[in-house]
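Heads up: the structure comes next, in structure tokens.
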């Protein structure tokens, strides 16, 4: 198979993710999908902003009561760092260095898992400390839906990257799987883009009041 | 499908050049990342500090977020490279639709 | 690899279609499924008109009437018009741009099966405790209180089929951007391809808000959230915005491809290049752009305030400008041309006055103060049926006759086609023209009956008789299809003799690899360019070589089936039954399992070898 032929460092193309027509299609199609995802998350943000602090009665916790700076800062730094590590992975992919790419992807996955773990802890904390749940108020529904959709994307990204790593562990890089790795990393960056707006709009602005 | 289209006649010279260029780009990425963390820190500090009015903080941290996202898109996701015109068109069209949605939901949902 | 020409038994054919990733076969699947749902939606329309034929009628109960109008609208928009449009997009666009396939053949199949299972799920509601009854707009204030599971069927069914549509949109965008033949620049693309391109972009940006709206509704109805529960801080207007941010672009998603079809038909049967090609492209893009900033004109009476209403009113009226450009370009295309009134051309010519009438009432409705008077009356019903039937359905019927030979290799009977046309056209105007006046006289929409002595009797009776004409017209078309298929008289490459674009340069139906050699495109209407130089085929852009093709696979079907299964679990979740959670999980496992298999199993496709292509040539000569 042409796409699976072995490359030396010298014959490995400069942009392996776009070296075949399939790769080009995947690359463009995935960016278009991200354009659609932008609208999807914008709609969720819009819903959150419309329903922020809309609660049935005064006993309910509001945004300014529940969020905490330190925890959000830690999760943010973790996720931003995972974005850098996936850049490193793609750097090594372009240099045809499969082992280092896998190593950096593994770090990315670990950071992503840490982020998810902290998010679960955080949700748990809100539920038990503040009785701020998915069903307690419109605010709660909107908050957990927006942040939960993002968390779901992180979880999906983890499964995706892990299965790519495992599947290709034995056979290394070729022009068939290079686009797959590349768009998985694009997806991971996009998750980070969304998170930048979540920590700014939901958490920081929530604390400003 | 032409698999080897981007390599020049002398692969070893080409390889050296490419390695160097990739390494240089990676350096830029690290600088970008440092600035992103720095911006994040500033945003959190601006919120933590009591002295600012929220009329200042809100636009300020939003601006920091926008700059950070631009870094992500143009450096980490390589949109600054050539051949991203179509992609930019669609991404920003999506953003425009999304922003219109946000604007409406912040103005005319509660009557 | 030369086994593809074998004759097959019935079971093998079914399996072939279940596993196909060929855009031409998927087109046929879309046509059949969309056609079936069109008939279902048409039956619902007939029941509505029977109920409203005379005052105080009790043909159906009030509750059943609500279900009928809801299902009629939902079925016609999501399950008939959209898939029928996708049928022609799939059949024609790759051929028009000189591609061997779409960019993502696998996803193309996923898109179809998602639509199909979503549609089946929605329609199962009739047999499982009642259909949705909150109108096709499913406004939250009604829908959240709707008893039974009807609305749940709506939410989950549309969610599944909406995903399919989104996938199809991305697929066409990528195909058109990346896979055009050598020389096929953007400004040489046929108008149908252009309108597919713009409609796909609209799908990409319009379907996510619908997805979100449906997710919110699903969470509220099935998982106890409070988005639309005012007592818990929720707000039902959020649904209205979400729905119309999707819903208004949706009508352009429907009408633009119809515009594209008409552009092809006018140019072909006037034997003239389309008048003002670049302004047509510009107008198409502009309509797509404006289509996103007008949604609140569906919500003038919500009370958004004078500023918001004014902005949306002006933006709405602005759409008349590019649409007007198009209308005049079509007229000038016919002007001085050697016009042939074939069946597709008849539909195209009839479309102009019908659609303009719908456009004029559109401008009337866009005037926000006046809209308070028209709102929720039959005037609105008349308006949107004039644009959707007079625009989209005419376009689909024109396309059915026009592209039938390219899809099936036989030409539909022209006489029967013209009978269909005259019956349907007469019926259409009988049914809907009078409804303008019923509306102005004050007849509200969505009421299950009316009282005698209010002046609505004659109008409604005429309207119902018109509906009968349309039904007979469609029946004759079905008869036409059967007769044509049984006779099976094969036609050549260019059965209309005046084909201008690439699809007419290859056999009808095309071989599964479409183009043996990719064509070299040397101008707008490339086939016509060659014809004018005395040639009868395209100049190839490459030597004959191996052709890479994707493998057939059952996975798209399985992925979609999983979501279908899972939807039953979600639907009955509120009833506190033990089996719902396992069913949801099993369904999702099927879906994600199939996706996982797809991801880890390498599928490089196969190659058709040069020698087989040459052999094929011999076969054609013998035949």
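Each reported figure results from applying straightforward, stated rules to the coordinates on display, with no laboratory input. Since this is a predicted model, take the numbers as computed values, not measurements. Note that we place each Cβ from the backbone using ideal geometry, even for glycine, and neighbour counts take in every protein chain shown.
If you plug the beta carbon distance of residue C:301 and residue C:458 into 1/(1 + (r/R0)^6) with R0 = 35 Å, you get a FRET efficiency near 0.75.
What average count of beta carbons from other chains do you get within 10 Å of the Cβ of residues in A:138-144? The partial results should precede the final answer.
On the way: counts 13, 4, 4, 13, 7, 0, 2.
Mean shielding by partner chains, rounded to a whole number: 6.
Counted over the protein assembly as shown with a bin width of 20 Å, the fraction of Cα pairs per bin, in whole percents, is 13, 45, 35, 8, 0. To test your reading of the geometry: what angle, between 0 and 90 degrees and rounded to tens, separates the Cα axis of helix C:343-366 from the longest principal axis of chain C? The helix C:343-366 is inclined about 30 degrees to chain C.
In chain B, the longest principal axis of the Cα atoms and the axis of helix B:54-71 are about 10 degrees apart. Taken over the alpha carbons of segment B:11-80 as equal point scatterers, the Debye sum produces base-10 log I(q)/I(0) values at 0.17 Å⁻¹ of -0.69. Counting 0.36 nm for each residue step from residue C:231 to residue C:554 and taking away their Cα separation leaves a gain of 111.5 nm. Counted by neighbouring Cβ atoms within 10 Å, the residues C:578, C:101, C:546 run from fewest to most as C:578, C:546, C:101.
Packing-wise, with mean Cβ within 10 Å as the measure, how do C:480-490, C:77-87, C:460-470 rank, highest first? Each step should come with its number before you reach the end.
Values: C:480-490: 13.0, C:77-87: 26.6, C:460-470: 19.8.
Going by the mean number of other Cβ atoms within 10 Å, highest first, we get C:77-87, C:460-470, C:480-490.
Separation of segment C:501-555 and segment C:230-292, taken as the distance between their Cα centroids, equals 29 angstrom.
What distance in nm lies between label points placed 7 Å from Cα along the C-beta direction at residue A:8 and residue C:585? Each label point lies 7 Å from its Cα, and together they span 5.4 nm. With Rh defined as the Kirkwood radius, the inverse of the mean 1/r over Cα pairs, the Rg/Rh of chain C is 0.96. Averaged over the residues of peptide C:114-126, the number of Cβ atoms from other protein chains lying within 10 Å of each residue's Cβ is 0. Round to a whole angstrom and tell me the spacing of the C-alpha centers of segment A:91-131 and segment C:38-113. Each part reduced to its Cα centre gives a spacing of 44 Å. Computed with the Debye formula from one identical point scatterer per Cα of chain A, without solvent, the log10 of I(q)/I(0) at q = 0.11, 0.16, 0.19 Å⁻¹ comes to -0.59, -1.00, -1.28.
Per-residue packing, averaged as other Cβ atoms within 10 Å, sorts the ranges A:82-89, C:328-335, C:340-347 into the order A:82-89, C:340-347, C:328-335, beginning with the highest. Using the Cβ-Cβ distance between residue C:356 and residue C:147 with R0 = 45 Å, the FRET efficiency computed as 1/(1 + (r/R0)^6) comes to roughly 0.55. One quarter of the surface of the convex hull around the alpha-carbon atoms of segment C:289-347 equals 5.7 nm², the direction-averaged projected area. Over 19 Å apart: what share of the alpha carbon pairs of segment A:1-118 falls there, rounded to a whole percent? Within segment A:1-118, distances greater than 19 Å cover 70 percent of Cα pairs. Where the alpha-carbon atoms of segment C:508-608 are placed on the principal axes, they occupy 73, 28, 20 Å, in descending order.
Look at C:542, C:250 and count the other Cβ atoms within 10 Å of each Cβ; fewest to most, that gives C:542, C:250.
Mind checking C:219-228 for the average number of partner chain beta-carbons within 10 Å of each residue's beta-carbon? The partial results should precede the final answer.
On the way: counts 5, 3, 0, 0, 3, 5, 11, 13, 8, 2.
That average works out to 5.
Once the Cα atoms are used to define both axes, helix A:21-51 deviates from the longest principal axis of chain A by about 0 degrees.
As a proxy for reagent exposure, ranking C:388, C:559 by other Cβ atoms within 10 Å from fewest up yields C:388, C:559. Semi-axes of the equivalent ellipsoid of segment C:407-543 are 48, 18, 12 Å, computed as sqrt(5λ) over the eigenvalues of the C-alpha gyration tensor in descending order.
Which length gain, in nm to one decimal place, applies between residue C:437 and residue C:58 when the Cα-Cα distance is subtracted from 0.36 nm times their residue separation? Walk me through the intermediate numbers first.
Values: separation 379, 0.36 × 379 = 136.44 nm, distance 2.42 nm.
Taking 0.36 nm per residue and subtracting the Cα distance, the gain is 134.0 nm.
One Cα centroid belongs to segment A:57-85, the other to segment C:179-202; the line between them spans 45 Å. In this structure, residue C:490 and residue C:17 have a Cβ-Cβ separation that, at R0 = 22 Å, corresponds to a calculated FRET efficiency of about 0.55.
Modelled this way, with points 7 Å down the Cα-to-C-beta line, the labels at residue C:415 and residue B:23 are 8.3 nm from one another. With equal scatterers on the alpha carbons only and no solvent term, can you work out the Debye log10 of I(q)/I(0) for segment C:370-476 at 0.20 1/Å? These q points yield log10 I(q)/I(0) values of -0.99. Eigenvalues of the alpha-carbon gyration tensor of segment C:488-544, scaled by 5 and square-rooted, set the equivalent ellipsoid semi-axes at 18, 16, 8 angstrom, largest first. Based on DSSP H segments of at least four residues, each scored -39500 (n - 2.57), chain C has a per-residue ellipticity at 222 nm of -22000 deg cm²/dmol.
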